[in-house]
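Quick note: the coordinates plus some simple rules give every number you see, no bench work behind them. Note that the structure is a prediction, hence the values are computed from the model and not measured. Note that we place each Cβ from the backbone using ideal geometry, even for glycine, and neighbour counts take in every protein chain shown.
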Amino acid sequence: MTAVQKRINQQVTTNSVVLYMKGTPQFPQCGFSGAAIQMLKACGGPNLFTVDVLADPEIRDGIKSYANWPTIPQLYIKGEFVGGCDIMREMFEQGELQQLLQAAQL
């Protein structure tokens, strides 16, 4: 495991809900990151730890290989990779994302 992989692992295992995104929750830098934040806020605004991949090129490259997922944003709940924006949207529409987030906050 590389140093950046260890950093990512530490972030996703010490925070209940982690979103790797482009920009910040206040100023998302892409539509997908913005949509991900809106869905999370609609789920009750969980205690969310965000990482701006644009501010950290090592994380931006490392996160793609960490979950073997090529796109950003990426959502992790309780250390588990959930998915990107499309998967989040599908889960949100079916009520699954809300349930996962509620369980993570317990």
Helix 31-42 sits off the longest principal axis of the Cα atoms of the chain, rounded to the nearest 10 on a 0 to 90 degree scale, by 50
In the chain, lysine pairs 8 or more places apart or on different chains with C-alpha atoms under 17 Å apart total 4
Between the Cα axis of helix 57-66 and the main Cα principal axis of the chain, the angle (0 to 90°, nearest 10) is 70
Between the Cα axis of helix 3-14 and the main Cα principal axis of the chain, the angle (0 to 90°, nearest 10) is 30
Taking the alpha-carbon centre of each part, the distance from the stretch 51-93 to the stretch 1-49 in Å is 7
Length-normalised contact order of the chain, Cα under 8 Å, at least 6 apart, in percent, tallies to 34
Treating only Lys and Arg (+1) and Asp and Glu (-1) as charged, each at its beta carbon, one finds that the stretch 14-104 has a dipole about its Cα centre, in Debye to the nearest 20, of 120
Amide H proximity to Thr50 below 5 Å, modelled H, separation 5+ or other chain, gives Leu19
CD proxy, 222 nm, the chain: helix-only mean residue ellipticity via -39,500 (n - 2.57) per DSSP H run with n ≥ 4, per residue, nearest 500, stands at -14500 deg cm²/dmol
